[in-house]
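The values are calculated or read from the model by the stated rules, or taken from the named source; none is laboratory data. This one's a predicted model, so the numbers in the text were calculated from it and none came from an experiment. A quick note on method: Cβ atoms are made from the backbone with ideal geometry, for glycine too, and the neighbour counts reach across all protein chains shown. Areas reflect the complete protein model, heavy atoms only, side chains present, ligands, DNA and RNA absent. Shrake-Rupley method; radii C 1.70, N 1.55, O 1.52, S 1.80 Å.
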Amino acid sequence: MAAVMFMSIGQTAAQFAYQTGSGLIGAGLVELFSAGVAFDILAGLFEIIRSPLLRLIVALIFAAPAAVAGYALVHGITKEAVPFDIWRQISASSAEDSLASLRGCDW
């Protein structure tokens, strides 16, 4: 799920590159390069930093997009299936928590 964050960084860079005239192939290459660089920077920071608090902050940077994506996914799916808003919020929040905790376990 951390790919969501890197994909959004890459898509933003690709949109900028495409709007400035790089063409479709150039925008795709910019997207791949920028997403890879963003991943390398955060993975390198996690390897270098020894302070538990700073490592927690870097891990949260990885886990936060997974939590948001999990919440949005389950909330969107259950929008038509679950009639009561409170149960929809509870199920979406539990999915958010489980996806964020799974993302945090990768490290």
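Applying a threshold of 7 Å to beta carbon distances and a minimum spacing of six or more residues, or different chains, the list of pairs starting in the range 4-23 at a residue that is open to solvent by less than 60 Å² (accessible area, probe 1.4 Å) and ending at one that is among the polar types (S, T, N, Q) reads 10/34; 13/34. Within the range 33-52, residues that are open to solvent by less than 100 Å² (accessible area, probe 1.4 Å) have Cβ atoms under 6 Å from residues that are among the small types (Gly, Ala, Ser) in these pairs: 34/10; 34/13; 35/10, counting only partners at least 6 apart in sequence or on another chain.
Is there a residue in the range 26-46 that is modelled with pLDDT under 90 and outside any helix (DSSP H, G or I)? No, there is no match, as no residue in the range 26-46 is modelled with pLDDT under 90 and outside any helix (DSSP H, G or I).
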